[in-house]
Ligand code: BMA
């Protein structure tokens, strides 16, 4: 009997260990966050989760219509991933830099989660030294906010606000909703105050580590998966140049957009293929999830972009998710532009010319949208 009991206890202890092959960077991550992380690894052979920024909030010509979604309008099914943006939260603003009220954002996050989708959050924080926006590269801002810097206390107060927002994200049962947090992205570019032209690898790593420690240990936010996210890189060493270390990162990703005329060159799909090759290798070595964190071709000037460019570049690479950037609709006076096909009335032919092509992507079985994501029970 004693032996039986002992074997039973041992067995019960082994099951969760066997189930949790992948350790989250936050050692105190919530059980649901750990489950999500491991389920995303398990889902890699099932396909690529499809995401869209601000999907439930607005599209071309509309905003805040309950239940409406850009992707659902296009293919009849919601996406599997929902991206949101915190920029201006640090200023105590009630709406973000793209005019989405943070209260509505919290509700949208709950809505996406209840549909079985996953949530990712970026943060185009304002420049803490010059007071201008994220695209102002002046003032050696990263050096100023890391420990020892003259704006360090200000940065801590910003993280207090980020923590408060994250701690407000709970499901119907009152549990925290896991979030893929993707701060200080595209650092290999030259357009943000945290980019490589104004921030050394040491400064960046110090910023990342401080941010991680402060949110997890000091603020007790334990439902975040941290996504490391350059833009361009040519090889593994380049990819890892600003990497803070395995103990601070869960997801290895990058951003990659198409620009220019796609009809006479193969640069986009070739470069995407090459970078995904580097990414999946390095992610495997470090036991991290590989993902394409932002992509798109502004206004989709090439109607077959989704299959002939995006899908071609992705090929058979196994990555966790891809995320299309936001559509600028009525919001923020930014004019009308889009990264996802839209059926809205601003397009004279009634349907976006890229609609059929996007539908081909949808039915290709290579991507996961709402229903399959729900079937995969990513949080259980
Ligand atoms: C950028 C653009 C901006 C936006 C920012 C944060 O890529 O879409 O208009 O403010 O992302 O969402």
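The values are calculated or read from the model by the stated rules, or taken from the named source; none is laboratory data. Everything numeric here is computed off the predicted structure, so don't read it as measured data. Every residue, glycine among them, receives a Cβ derived from its backbone with ideal geometry; neighbour counts consider all protein chains shown.
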Count, please, the residues in region 132-163 that happen to be away from the ligand (no atom under 16 Å from the Cβ) and over 13 Å from residue 184 (Cβ atoms). 18
So for region 165-172 (the condition being surrounded by 17 or more Cβ atoms within 10 Å (Cβ to Cβ), away from the ligand (no atom under 16 Å from the Cβ), touching a residue at least 40 places away in the same chain (Cβ under 8 Å) and closer than 25 Å to residue 248 by Cβ), does at least one residue qualify? yes
Per the filter on region 71-84, residues touching a residue at least 60 places away in the same chain (Cβ under 8 Å) and within 14 Å of the ligand (Cβ to nearest atom) are 83
Unique match (being out of contact with any strand residue (DSSP E or B) (no Cβ under 8 Å at 6 or more places or on another chain) and at pLDDT 95 or above) among 333, 296, 315: 315
Could you list, in sequence order, the residues of region 293-330 that are assigned to a strand (DSSP E or B), within 15 Å of the ligand (Cβ to nearest atom) and under 17 Å from residue 230 (Cβ atoms)? 293, 294, 295, 323
Considering each of 285, 308 in turn, give the residue that is at pLDDT 95 or above, more than 18 Å from residue 47 (Cα to Cα) and surrounded by fewer than 16 Cβ atoms within 10 Å (Cβ to Cβ). 285
Got at least one residue in region 252-266 being closer than 14 Å to residue 227 by Cα, out of contact with any helix residue (DSSP H, G or I) (no Cβ under 9 Å at 6 or more places or on another chain) and either away from the ligand (no atom under 16 Å from the Cβ) or assigned to a helix (DSSP H, G or I) (or both)? no
Can you name every one of the helices (runs of 4 or more DSSP H) wholly within region 33-148 that holds 3 or more residues which are at pLDDT below 95, in contact with a strand residue (DSSP E or B) (Cβ under 6 Å, 6 or more places away or on another chain) and farther than 29 Å from residue 276 by Cβ? none
For region 95-105, check the following and say yes or no: at least one residue is more than 16 Å from the ligand (Cβ to nearest atom) and touching a residue at least 12 places away in the same chain (Cβ under 8 Å). no
Among the candidates 177, 145, residue that is under 24 Å from residue 102 (Cα atoms) and surrounded by 21 or more Cβ atoms within 10 Å (Cβ to Cβ): 177
